Amino acid sequence: MTSSGVSTAIDDVLRRFPPSSTSARDFLRARYDAGLAWVWFPVGYGGLGLAPNLQTTVDRAMAAAGGYNTTVGSVGYMMTA
(Lines give C-alpha, C1' and ligand atoms only; values in the text may rest on other atoms or scores of the structure.)
Protein backbone atom coordinates (compact mmCIF):
# COMPACT_ATOMS: atom_id res chain seq x y z
CA MET A 1 0.00 0.00 0.00
CA THR A 2 1.15 3.50 -0.78
CA SER A 3 0.48 6.82 0.92
CA SER A 4 -2.45 7.33 -1.45
CA GLY A 5 -3.79 3.97 -0.27
CA VAL A 6 -3.53 5.23 3.30
CA SER A 7 -5.52 8.33 2.34
CA THR A 8 -8.18 6.12 0.78
CA ALA A 9 -8.35 3.99 3.94
CA ILE A 10 -8.67 7.12 6.09
CA ASP A 11 -11.50 8.43 3.91
CA ASP A 12 -13.25 5.06 4.07
CA VAL A 13 -13.11 4.88 7.87
CA LEU A 14 -14.33 8.45 8.23
CA ARG A 15 -17.18 7.83 5.77
CA ARG A 16 -18.30 4.56 7.35
CA PHE A 17 -17.76 5.62 10.96
CA PRO A 18 -18.42 9.37 11.24
CA PRO A 19 -16.77 10.60 14.46
CA SER A 20 -19.78 12.75 15.31
CA SER A 21 -22.09 9.73 15.51
CA THR A 22 -19.74 6.85 16.35
CA SER A 23 -18.67 5.83 19.84
CA ALA A 24 -14.97 6.03 20.69
CA ARG A 25 -14.86 2.24 21.03
CA ASP A 26 -16.38 1.60 17.60
CA PHE A 27 -14.32 4.29 15.92
CA LEU A 28 -11.04 3.00 17.33
CA ARG A 29 -12.04 -0.55 16.44
CA ALA A 30 -12.65 0.57 12.84
CA ARG A 31 -9.22 2.25 12.78
CA TYR A 32 -7.62 -0.94 14.06
CA ASP A 33 -9.44 -3.14 11.56
CA ALA A 34 -8.42 -0.81 8.70
CA GLY A 35 -4.76 -0.95 9.78
CA LEU A 36 -4.76 2.70 10.82
CA ALA A 37 -4.14 2.24 14.54
CA TRP A 38 -0.37 1.95 14.13
CA VAL A 39 0.52 1.79 10.42
CA TRP A 40 3.96 0.28 11.06
CA PHE A 41 2.44 -2.79 12.78
CA PRO A 42 1.84 -5.90 10.65
CA VAL A 43 -1.41 -6.35 8.75
CA GLY A 44 -3.95 -7.98 11.04
CA TYR A 45 -2.46 -6.39 14.14
CA GLY A 46 -3.72 -2.83 13.70
CA GLY A 47 -1.24 -1.87 11.01
CA LEU A 48 -0.36 -2.01 7.36
CA GLY A 49 3.34 -2.83 7.54
CA LEU A 50 4.27 0.67 6.36
CA ALA A 51 6.79 3.28 7.43
CA PRO A 52 6.06 4.76 10.88
CA ASN A 53 6.21 8.32 9.55
CA LEU A 54 2.84 7.75 7.82
CA GLN A 55 1.19 7.55 11.26
CA THR A 56 1.38 11.34 11.52
CA THR A 57 -0.71 11.62 8.35
CA VAL A 58 -3.32 9.28 9.80
CA ASP A 59 -3.46 10.96 13.20
CA ARG A 60 -3.73 14.46 11.75
CA ALA A 61 -6.51 13.46 9.35
CA MET A 62 -8.47 11.71 12.10
CA ALA A 63 -8.06 14.64 14.48
CA ALA A 64 -9.08 17.16 11.80
CA ALA A 65 -12.29 15.18 11.28
CA GLY A 66 -12.97 15.12 15.02
CA GLY A 67 -12.07 11.44 15.31
CA TYR A 68 -10.51 9.66 18.21
CA ASN A 69 -6.77 9.09 18.11
CA THR A 70 -4.73 6.21 19.44
CA THR A 71 -2.19 8.61 20.94
CA VAL A 72 -4.24 9.40 24.04
CA GLY A 73 -3.43 6.68 26.53
CA SER A 74 -1.50 4.81 23.86
CA VAL A 75 0.40 2.76 26.44
CA GLY A 76 -2.85 1.06 27.36
CA TYR A 77 -3.80 0.50 23.73
CA MET A 78 -0.41 -0.90 22.88
CA MET A 79 -0.41 -3.22 25.86
CA THR A 80 -3.65 -4.80 24.69
CA ALA A 81 -2.85 -5.07 21.00
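Structure above, values below:
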item: In the range 16-67, the residues that are surrounded by fewer than 18 Cβ atoms within 10 Å (Cβ to Cβ) and hydroxyl-bearing (Ser, Thr, Tyr); result: 20, 21, 23, 45, 56, 57
item: First in the range 1-21 and in contact (Cβ under 8 Å) with a residue 40 or more places away in the chain, second anywhere and of a type in the set (Ser, Thr, Tyr) and open to solvent by 50 Å² or more (accessible area, probe 1.4 Å), Cβ under 8 Å, 6 or more apart; result: 3/57; 6/57; 7/57; 10/57; 19/68
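The values are calculated or read from the model by the stated rules, or taken from the named source; none is laboratory data. Being a predicted model, the structure only gives us computed values, none of them experimental. Heads up, the Cβs are rebuilt from the backbone with ideal geometry, glycines too, and the neighbour counts pull from every protein chain shown. Surface areas here come from the heavy atoms of the whole protein model, side chains and all, with no ligands, DNA or RNA. Shrake-Rupley method; radii C 1.70, N 1.55, O 1.52, S 1.80 Å.
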